[in-house]
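See structure below.
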Amino acid sequence: MEKKKLIAGNWKMNGSLAANEALVRALAAGMGPAGCIAAVCVPAPYLAQLQALRAGSALELGAQDVSAHEQGAYTGELSAAMLKEFGVRYAIVGHSERRQYHGETDALVADKAKAALAHGITPICCVGETLAEREAGKTEEVVKRQLAAVIHTNGHCISEIAVAYEPVWAIGTGKTATPEQAQQVHAVLRAQLKAATPHAERVHILYGGSMNAANAASLLAQPDIDGGLIGGASLKAADFLTIIAAAR
Ligand code: PGA
């Protein structure tokens, strides 16, 4: 059986108690019978609110980051065990904004993925090249290096992760990779996973970067695009619902 696609919203640092309630109520009302897995990755202070709001709906809950550490003196960090208590099923790790603004390295991202997996949370491991790297012909080299770190640290558990290919130049810019450009990179990532596990087909490889209601269907039609990680368009119920519908 073909696996269901995974559509994950990345709210980033957006939302309020009132806005979240309106958005989630609209999503729950509009989602219908689940043809794909739909999730929202929300700012941590809203996890409890979301846990209550999503009750009875098919909407899954995700976090935007997780600590590589188990517990202890790590001011400001959130452990996988804490996230799990709120029903979190997914945690984004290594988003380019964290790599860029918080100095996250490939090794740290790999450790975060491991911490998530240890608590039954699926890490959505982000990889992607900058515009300069693409123009220098280094796209494959960069994404393979980023994924290799996660594979190296997580060994046979690697079939339990999700991957998000997010070209940095496409994030929040309105510039989307063409379906062909994205598929080319997704195929590279799939091949790399295949070399590491016999269960590589199980892994959701998501595309992210200005995915929206208008372009989702053509991206999702590609053989190795198993879903999307959606920023801006996930904050608008109608747009996110259109993307969810395109993933059936
Ligand atoms: P965008 O963000 O859809 O707003 O480009 C995607 C992401 O950064 O996950």
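The values are calculated or read from the model by the stated rules, or taken from the named source; none is laboratory data. Because the structure is predicted, anything quoted here is derived from the model rather than measured. Virtual Cβ from ideal backbone geometry, glycine too; neighbours counted across all protein chains shown. Accessible surface is based on the protein model in full, side chains and every heavy atom, while ligands, DNA and RNA are left aside. Shrake-Rupley method; radii C 1.70, N 1.55, O 1.52, S 1.80 Å.
For segment 119-224, just run the numbers: alpha carbon Rg, then divide by 2.2 N^0.38 Å, N being how many residues it has.
Values: Rg = 13.4 Å, N = 106, 2.2 N^0.38 = 12.9 Å.
For segment 119-224, the normalised Cα radius of gyration comes out at 1.04.
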Rounded to the nearest 20 debye, dipole of segment 40-171 from Cβ charges on Lys, Arg, Asp, Glu: 220 debye
Pairs beyond 21 Å (Cα-Cα), from Lys112/Lys144; Lys3/Lys194; Lys84/Lys194; Lys5/Lys194; Lys12/Lys112; Lys4/Lys236: Lys84/Lys194; Lys4/Lys236
Unit charges on C-beta of K, R, D, E only; dipole of segment 133-239, Debye: 80 debye
With DNA, RNA and ligands ignored, accessible area of Arg89 (1.4 Å probe; Å², nearest 10): 90 Å²
Mean separation of Cα contacts under 8 Å, 6 or more apart, over the residue count of the chain: relative contact order %: 21 percent
Gaussian network model of the chain, Cα within-10 Å springs - most flexible of Gly15, Gly76, Gly172: Gly76
Mean residue ellipticity (222 nm) of the chain, computed from DSSP H runs ≥ 4 via -39,500 (n - 2.57), nearest 500: -12000 deg cm²/dmol
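Per residue, how many Å² of accessible area does segment 6-246 show with a 1.4 Å probe? Don't skip to the answer; put the middle values down first.
Details: 10140 Å² over 241 residues.
Ligands and nucleic acids excluded, the result is 42 Å² per residue.
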Gap separating the Cα centres of segment 169-242 and segment 18-69, nearest whole Å: 20 Å
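Using DSSP loop states and a limit of at most 14 other Cβ atoms within 10 Å to flag GluC sites (Glu not before Pro), what is the longest stretch of the chain containing no flagged site? Kindly include the intermediate steps, with their values, before the conclusion.
On the way: sites that count: Glu2, Glu70, Glu77.
Looking at the chain, 78-248 is the longest stretch - no exposed GluC sites (Glu not before Pro) with at most 14 other Cβ atoms within 10 Å.
Given charges of +1 on the Cβ of Lys and Arg and -1 on the Cβ of Asp and Glu, with all other atoms neutral, how large is the dipole of the chain about its Cα centre, in debye to the nearest 20?
On the way: 22 positive and 23 negative charges, 88 e Å.
Dipole magnitude for the chain comes out near 420 debye.
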Sequence-distant aspartates and glutamates (8 or more away, or on other chains) whose Cα lies within less than 14 Å of Lys114: Asp65, Glu70, Asp106, Glu160
Scattering profile of segment 1-123 at q = 0.14 Å⁻¹ [log10 I(q)/I(0), Debye over alpha-carbon scatterers]: -0.61
